[in-house]
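Read through the structure below, which is laid out as structure tokens, and then see the notes.
The values are calculated or read from the model by the stated rules, or taken from the named source; none is laboratory data. Because the structure is a prediction, the values reported are computed rather than measured. Cβ placement follows ideal geometry from the backbone for every residue including glycine, while neighbour counts extend to all protein chains displayed.
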Amino acid sequence: MAINLVKPLRNHTKGWVALSPDLKRVVGSGSTPKEALKGPRSKGIKKPVLILGAEDYGNIVP
Amino acid sequence: MKIRTTRRDYTGVTLPFKYSKVRSKPSPAFPNKKSALIPLIPIYFPLTDGTSIGYDCIIDSGADCCFFHWEIGEEVLGLDVKKGKKMPKVLGITGDTFDAYFHSIRFKIEGWDIDDVYVGFVDKGKLGTKYGILGQLDFFDVFQVIFEKSNDSFKLISMIPFEEGKIEPYEVTESLKVSCKKKTNS
């Protein structure tokens, strides 16, 4: 089964988002990686994962 | 590019991954499409404080090189991105161009330490994807990638011999330093 990022990212359409190490929930967000990581790092989350928020991740050609 | 490991592994080791399901907008061409499956993998930058910062990247065989966001270079890795070797006017699929500044960096993929990877950091706001790009140079050079979309999965198979050892962690940048409030006993 695919990793579901639709659910955790549903309210994040812009800016940087820090996901929990298991990629199941958002643990921080902000306009920069620094802002997005502030919360998780201060809480001792050791491996947050960064991605940018977007309205649409699917209709692109990278 | 080099692959380091503290395990006694050899060439041909396979790492399995799952596709990521992401939000997608319906359109007249695809009126029922609400999501898409893309081959993302998190790479990790180990830091000297024992933590790591992950960064989701797409495996993109159509990209010449690896390209990451500017902010990852500056805020996470502590690079002076503009001091890298410039590749001007990189052409994206839409015809837009951007400048990229290349640095040799290191990161982890699962249990593998990947050293000496040449990555272009792209002008702020110019990298069209919301994740990093792992392309031909220094990624497809060393990994065979097998996509099994019908199974929601893909695999990386290492094609070069491993070297013993680990990558050096990155110093924690000023951007990432966390100030902890001191507890006071009343």
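Observations, loosely collected:
- Among the residues of the range B:60-80, the ones that are surrounded by 22 or more Cβ atoms within 10 Å (Cβ to Cβ) and touching a Gly at 6+ places or on another chain (Cβ under 6 Å) come to 5 in all.
- Strands (runs of 3 or more DSSP E) fully within the range B:87-183 counting 2 or more residues that are closer than 28 Å to A:Thr32 by Cα and without any contact (Cβ under 8 Å) to a residue 40 or more places away in the chain: B:97-109
- Candidates in the range B:87-102 are the residues that are under 16 Å from the mean Cα position of the chain (by Cα) and among the hydrophobic types (A, V, I, L, M, F, W, C); of these, the one that is nearest to the other protein chains (Cβ to nearest Cβ) is B:Ala100.
- Any chance A:Val17 is in contact with a Ser or Thr (Cβ under 6 Å, 6 or more places away or on another chain), more than 7 Å from every other protein chain (Cβ to nearest Cβ), under 20 Å from B:Glu71 (Cα atoms) and not small (Gly, Ala, Ser): yes
- Strands (runs of 3 or more DSSP E) lying entirely in chain A (those with 1 or more residues that are buried (at least 18 other Cβ atoms within 10 Å of the Cβ), touching a residue at least 12 places away in the same chain (Cβ under 8 Å) and in contact with a Lys or Arg (Cβ under 6 Å, 6 or more places away or on another chain)): A:49-52
- Here B:Ser150 passes the criteria (1) touching a strand residue (DSSP E or B) at 6+ places or on another chain (Cβ under 9 Å); (2) more than 29 Å from B:Lys82 (Cα to Cα) except the one numbered (1).
- A:Lys47 vs. criteria facing another protein chain (nearest Cβ under 7 Å), charged (D, E, K, R) and either within 11 Å of the chain's Cα centre (by Cα) or within 30 Å of B:Ser61 (Cβ to Cβ) (or both): yes
- Among the residues making up the range B:155-186, those that are polar (S, T, N, Q) and at pLDDT below 85 are B:Ser179, B:Thr184, B:Asn185, B:Ser186.
- The single condition among (1) acidic (Asp, Glu); (2) buried (at least 20 other Cβ atoms within 10 Å of the Cβ); (3) within 14 Å of chain A (Cβ to nearest Cβ) that B:Asp113 does not meet is (3).
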